[in-house]
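Colleague: Sharing a structure with you now.
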Protein chains: 2
Amino acid sequence: MSPVSRRITCPTLATKVTSATEAASYINDGDRVGMSGFTGAGYPKAVPAALAERAKDAHDRGEDFGIDLWTGASTAPELDGVLAEARAVRRRLPFQSDPTLREAINTGETEYVDTHLSHSAQQAWFGFYGQLNVAVIEVAAILPNGLLVPGSSVGNNKTWLQLADKVILEVNDWHPRAYEGFHDIYYGTKLPPERRPLQLTDPLQRIGDPYLRVDPEKVVAVVHTDAPDRNLPFKPADEQSKAMASHVVDFLRYEIDQGRLPKNLLPLQSGIGNVANAVMAELAHSEFEDLLAYTEVIQDGMLDLIDTGKLTAVSATSFSLSAERAEQFNARAEEYKGRILLRTQEVSNHPEAIRRLGVISINGMVEADIYGNVNSTHVMGSSIINGIGGSGDFARNAYLNFFVSGSMAKGGAISSIVPFASHIDHTEHDTQILVTEQGLADLRGLSPAARARTIIRNCAHPDYQDLLQDYFDRAVAANARGQHTPHLLGEALSWHGNYQRTGSMKP
Amino acid sequence: MSPVSRRITCPTLATKVTSATEAASYINDGDRVGMSGFTGAGYPKAVPAALAERAKDAHDRGEDFGIDLWTGASTAPELDGVLAEARAVRRRLPFQSDPTLREAINTGETEYVDTHLSHSAQQAWFGFYGQLNVAVIEVAAILPNGLLVPGSSVGNNKTWLQLADKVILEVNDWHPRAYEGFHDIYYGTKLPPERRPLQLTDPLQRIGDPYLRVDPEKVVAVVHTDAPDRNLPFKPADEQSKAMASHVVDFLRYEIDQGRLPKNLLPLQSGIGNVANAVMAELAHSEFEDLLAYTEVIQDGMLDLIDTGKLTAVSATSFSLSAERAEQFNARAEEYKGRILLRTQEVSNHPEAIRRLGVISINGMVEADIYGNVNSTHVMGSSIINGIGGSGDFARNAYLNFFVSGSMAKGGAISSIVPFASHIDHTEHDTQILVTEQGLADLRGLSPAARARTIIRNCAHPDYQDLLQDYFDRAVAANARGQHTPHLLGEALSWHGNYQRTGSMKP
């Protein structure tokens, strides 16, 4: 890393250029720190490591050193990883996926506050998390007038820049300079009772500015970096993912036939992972045209859909590309301008926008119970995996929502369809369509008991189908006056208990 | 009931005036029927009874006769009660509270689809429930031009009138003729991708028309009635409700002191019941002024607040008054004009409006678990009580949400704070503040484990406090790598099992 960059052209802010170590010295024990980053994109690359060193040194001296860490969503080893490894994260919100940090949460060292992504910025504004002391935000460039060209994610950057007492900027030359014009930063948010409608009626509509703003008085340090984002490698879709994608796309065709969807569908949202990429691949080889996306992240599959011309435009808050695809994109960024817009996550995940646009939402799940309550976050009730992310924002407000998962895990030791979910993130009132490689359960307009019959028949793996049907039948028989959602409460969570005891959910 | 009314002044529609029996003959076995009604207000008073007779006659002849019944929310014995008693309801949505109907749902005779109130109209428009065959809508008057003056509730009436193939109108002289001008019927809803922003920035702002519209060609019958709404009697607040109300109001004062709420608060929503009325009573004797409400129903307590001048204006979708208070209101309706607006439930419960206005939401609960997951709908996991209603619409999108309940039920045999909720309607991601007569737990910004300590300490009844703490402590000890949400899954639902076996949750 060199101390200067041609990207830092604001005379005032250029005087603040310094080392990551110097920058990290502005962050104190107990501070609340808002950092950029959303799924391994656009996170600061240098200051977190320097801060981790600072924490380790303090700990070596027998002193306390820990921060509350707020981000957009998950980040990367260079942020969550190094800080968790240094035992420097006391509290974390709103979404994470780093293995070291996850371990710190599950061992009780770090407190994790798992808010909806659409709630994180507004609740910070409401003052529910306390005053934000420092913002550490990665950008692609600083313009002569002090405006900031955002990088590969927007997330909560606008909010952290506005709320923090002190600001540290990282200017990363790795981001294409051509990012200028890719972003739409909405500055119309207010606190109630001053809030006004979000005048957004089309996924690609601009309602804000291309730049982030910062009060130069608050900037204490500017750090120059040239380092790549660290997203997860792309895995080609396996047969199971392809089967699930095929169920989803066939169902969309069916809905068009029934007159319930336009021919070019409605704007798509898809969560992170292989099923999402498989759905995009299935669409890429389909008859669909003129598709739109209003989503959180742009994965490889969605970029492919743009390349093939199937996808006209996508609104998101972040990229989440494989290393190869990110390099390709960076080299050709200019070609995508006008077809990709990155927004603040307040807007990408806003209930108002999602409901108005009528988004079709596709998200993964850990498990669903026979009544369609979905667990997106926990293993066996107690341990967190990543967090709810935006799945609740999208599922609740979508026109159609899908939750997808393989019907089994751990080589068949775990059924993803269970009598009673060991944690519930999406309730029966919110979930519409469940998909496994076995099939699809359309739960719309069904009572809980009818849902159970459909889910067991269509989605459960044959190895668990009879066991689930047996549970349901006995629950029906045992609840003469509880036929709405028949349960055997003494047995409802026993499958998880079996797994914990014997290594298999089977009795 | 006389066959004519001075309220039916449209020449075309006056020719359709007929008996309830004749009107009911337009409803066939298997029909989907959308009726008016929201919490015992504004439901049709005559046609349901005639329809029930028709069903009984058919059943006596050995024929099938049953309908899918869609409403705004709960209704009254004259609608849900008579139809359930006649075994004429095959499927019901979206909210109910009639004892006979509840029994039919819990014995499996009636399928109940418990959707969010904000989802019911749009999902009907989306075609998720099938084609609506008949609408049966109570109104206060039919104008010469055919426009309809709505009655004491709006609910889904606009949607049912638009979607149904056939329309039956009941004109009820009991409603004050002065209702003209009390309603705001928003006709700007569209299907995606044609949806536009809801331009609502103030609870009392008009964005629609004072009248319901109906295509006169679709009207097959007009029935004249003169019968009162049947709301529940008002019960004066007991000591427990007063204690909970006092915790809520003290907390609002605290939030003002902390600079997190304006002095006149933000628009209030309160669910149905005694605690809601107690909160209104507490506010009536407080220092608060210039209050606003953006809510579903107007109960006695809210009308009192208007009378004392504390509450400037209220937006709702329905009245839910005691018989005495309803008679008083009807006699003086004109005085309330301009301070009360009744909207469609699409708008009263719209996520967009609730979030923008920053509503303070107060709803009852059946139970909460130690992590703040809330059960609003079920007894012991299997039996439905009423339904989720609008509690999810408000809780998710509120500025602040409260869930309130006495800490015990059934004379201490049931704790409303449990290790694991036997049904979950509001997840940990959505619930902010739990209140019992014991105290208040502010869960904002806390990790699940910290939530548990707060809830057990502040909200649990002393009779159950040690048992809950013991469960939590042992769950912590047993989950070295599950400290995020520590549970003992083999024991998590055992309190409910105890109650089912022994009549008490205690071991």
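The values are calculated or read from the model by the stated rules, or taken from the named source; none is laboratory data. A quick note: this is a predicted structure, and the numbers were derived from the prediction, not measured. Cβ placement follows ideal geometry from the backbone for every residue including glycine, while neighbour counts extend to all protein chains displayed. What goes into the accessible areas is simple: the full protein's heavy atoms, side chains included, and nothing from ligands, DNA or RNA. Shrake-Rupley method; radii C 1.70, N 1.55, O 1.52, S 1.80 Å.
Colleague: Report, by chain and number, residues whose modeled amide H sits under 5 Å from the one on B:Phe38, excluding near sequence neighbours (fewer than 5 apart, same chain).
Modeller: Hits under the 5 Å cutoff: B:Tyr43, B:Ala73.
Colleague: Among the aspartates and glutamates, which fall within straight-line cross-link reach of A:Lys166, defined as a Cα-Cα distance under 17 Å, with same-chain neighbours fewer than 8 residues apart omitted?
Modeller: Correct list for A:Lys166: A:Glu22, A:Asp29, A:Asp31, A:Asp68, A:Glu138, A:Asp215, A:Glu217.
Colleague: Now for a separate question. Express the accessible area of the range A:239-502 per residue in Å², computed with a 1.4 Å probe while the remaining protein chains stay in the model.
Modeller: 28 Å²
Colleague: With the Cα gyration tensor of the protein assembly as shown in hand, give its eigenvalues times 5 under a square root as the equivalent ellipsoid semi-axes, listed largest first in whole angstrom.
Modeller: The answer is 47, 31, 30 Å, longest axis first.
Colleague: Could you list, in their original order, any pairs among B:Lys16/B:Lys337; B:Lys45/B:Lys218; B:Lys190/B:Lys218; B:Lys242/B:Lys263; B:Lys310/B:Lys410 whose Cα atoms are separated by more than 27 Å?
Modeller: Beyond 27 Å between Cα atoms: B:Lys16/B:Lys337; B:Lys310/B:Lys410.
Colleague: Quick one: ranking A:Trp125, A:Trp495 by accessible area, 1.4 Å probe, largest first, what do you get?
Modeller: Descending order: A:Trp125, A:Trp495.
Colleague: Within the set of other residues whose C-beta is less than 11 Å from the C-beta of A:Ala398, count the net charge using Lys and Arg as +1 and Asp and Glu as -1.
Modeller: Counting the neighbours of A:Ala398, the net charge comes to 0.
Colleague: Excluding ligands, DNA and RNA, what is the accessible area buried between chains B and A, summed over both sides, using a 1.4 Å probe, to the nearest 100 Å²?
Modeller: Values: alone 19540 and 19500 Å², together 32030 Å².
For chain B against chain A, roughly 7000 Å² becomes buried.
Colleague: Starting from the Kirkwood Rh over alpha-carbon pairs, what translational D in µm² s⁻¹ does the range A:11-225 have by Stokes-Einstein at 25 °C and 0.890 mPa s?
Modeller: After rounding, the answer is 141 µm²/s.
Colleague: What are the label-to-label distances in nm, one decimal and shortest first, from B:Glu327 to the same spot in the other copies, with labels 7 Å along Cα to Cβ?
Modeller: Distances between equivalent label points, in nm: 8.4.
Colleague: Which whole number in µm²/s is D for the range B:322-377 by Stokes-Einstein, with the Kirkwood Rh taken over Cα pairs at 20 °C and 1.002 mPa s?
Modeller: So the translational diffusion coefficient is about 144 µm²/s.
Colleague: Oh, and also: Enter the angle in degrees (range 0 to 90, nearest 10) between the Cα long axis of helix B:274-284 and the first principal axis of the Cα atoms of chain B, meaning the one along which they spread out most.
Modeller: 90 degrees
Colleague: Nearest 0.05, what FRET efficiency do A:Asp250 and B:Asp290 give at R0 = 41 Å with Cβ-Cβ as r? Walk me through the numbers before you get to the answer.
Modeller: Working: r = 56 Å, r/R0 = 1.36.
Computed FRET efficiency for A:Asp250 and B:Asp290 comes out at 0.15.
Colleague: Put simply, what bits of the range A:354-392 lose 40 Å² or more of accessible area when the other protein chains are there, versus the chain on its own (1.4 Å probe)?
Modeller: Buried on complex formation: A:Arg355, A:Arg356, A:Ser382.
Colleague: Now a separate question. Under a crude label model (7 Å from the Cα following the beta-carbon direction), how far is A:Ser25 from B:Glu324 in nanometres?
Modeller: Simple spin-label model gives 7.5 nm for this pair.
Colleague: Run the simple label-point estimate for B:Lys263 and B:Arg501 please: 7 Å along Cα→C-beta, distance reported in nm.
Modeller: About 5.9 nm separates the two model spin labels.
Colleague: Quick one: check the C-alpha center-to-center distance for the range A:230-271 versus the range A:281-309, whole angstrom.
Modeller: Value for the Cα centre distance between the two parts: 10 Å.
Colleague: Let me ask you something else. Given H placed on each backbone N at 1.01 Å, which residues far from B:Arg92 in sequence or on other chains put an amide H within less than 5 Å of it?
Modeller: B:Leu69, B:Glu111, B:Tyr112, B:Val113
Colleague: Multiply the residue gap between B:Thr15 and B:Thr308 by 0.36 nm, knock off their C-alpha separation, and tell me the result in nm, one decimal place. Before the final figure, lay out the partial values.
Modeller: Details: separation 293, 0.36 × 293 = 105.48 nm, distance 4.55 nm.
Between B:Thr15 and B:Thr308, full extension yields 100.9 nm more.
Colleague: By what distance, in whole Å, do the Cα atoms of chain A stretch along each of the three principal axes, largest value first?
Modeller: Taking the Cα atoms of chain A, the three principal extents are 75, 56, 46 Å.
Colleague: Determine how many Å³ per residue the convex hull of the Cα atoms of the range A:396-461 encloses.
Modeller: 88 Å³
Colleague: Could you state the angle between the C-alpha long axis of helix A:47-60 and the longest principal axis of the C-alpha atoms of chain A, as a value from 0 to 90 degrees rounded to the nearest 10?
Modeller: Roughly 90 degrees between the two axes.
Colleague: Let me know the charge dipole size of the protein assembly as shown about its Cα centre in debye, to the nearest 20, where only the beta-carbon of Lys, Arg (+1) and Asp, Glu (-1) is charged.
Modeller: Value, rounded to 20: 840 debye.
Colleague: Now, a different point. Can you list, shortest first in nanometers, how far B:Trp125 lies from the same residue in the other copies, with each label 7 Å from Cα toward Cβ?
Modeller: With the label placed 7 Å along Cα→Cβ, B:Trp125 yields 2.6 nm.
Colleague: In nm to one decimal, list the spacings between the B:Tyr187 label point and its equivalents in the other copies, with label points set 7 Å along Cα to Cβ, shortest first.
Modeller: In nanometres, ordered from closest: 4.0.
Colleague: Within 10 Å of each Cβ in peptide A:400-406, how many partner chain Cβ atoms are there on average? Round it to a whole number, please.
Modeller: Details: counts 2, 0, 0, 0, 0, 0, 0.
Across the residues of A:400-406, the mean count of other-chain Cβ atoms within 10 Å is 0.
Colleague: Return the residues of the range B:426-471 for which accessible area with all protein chains present is lower than in the chain on its own by 20 Å² or more; set the probe to 1.4 Å and exclude ligands, DNA and RNA.
Modeller: With the partner chains in place, the range B:426-471 has these residues losing at least 20 Å²: B:Thr427, B:Glu428, B:His429, B:Gln432, B:Arg444, B:Gly445, B:Leu446, B:Ser447.
Colleague: Now a separate question. Computing the accessible area with a 1.4 Å probe over protein heavy atoms, can you report the carbon and sulfur percentage for the range A:263-347? Before the final figure, lay out each step's value.
Modeller: Details: 1310 of 2680 Å².
Accessible surface attributable to carbon and sulfur in the range A:263-347 totals 49 percent.
Colleague: Let me ask another. Can you give the local net charge around B:Val220? Use residues other than it whose beta-carbon is closer than 12 angstrom to its beta-carbon, Lys and Arg +1, Asp and Glu -1.
Modeller: With Lys, Arg at +1 and Asp, Glu at -1, the net is -1.
Colleague: Another question, then. Calculate how steeply helix B:462-478 sits against the longest principal axis of the alpha-carbon atoms of chain B, using the helix alpha-carbon long axis, and give the answer as 0 to 90 degrees to the nearest 10.
Modeller: On a 0 to 90 degree scale, this one is about 70.
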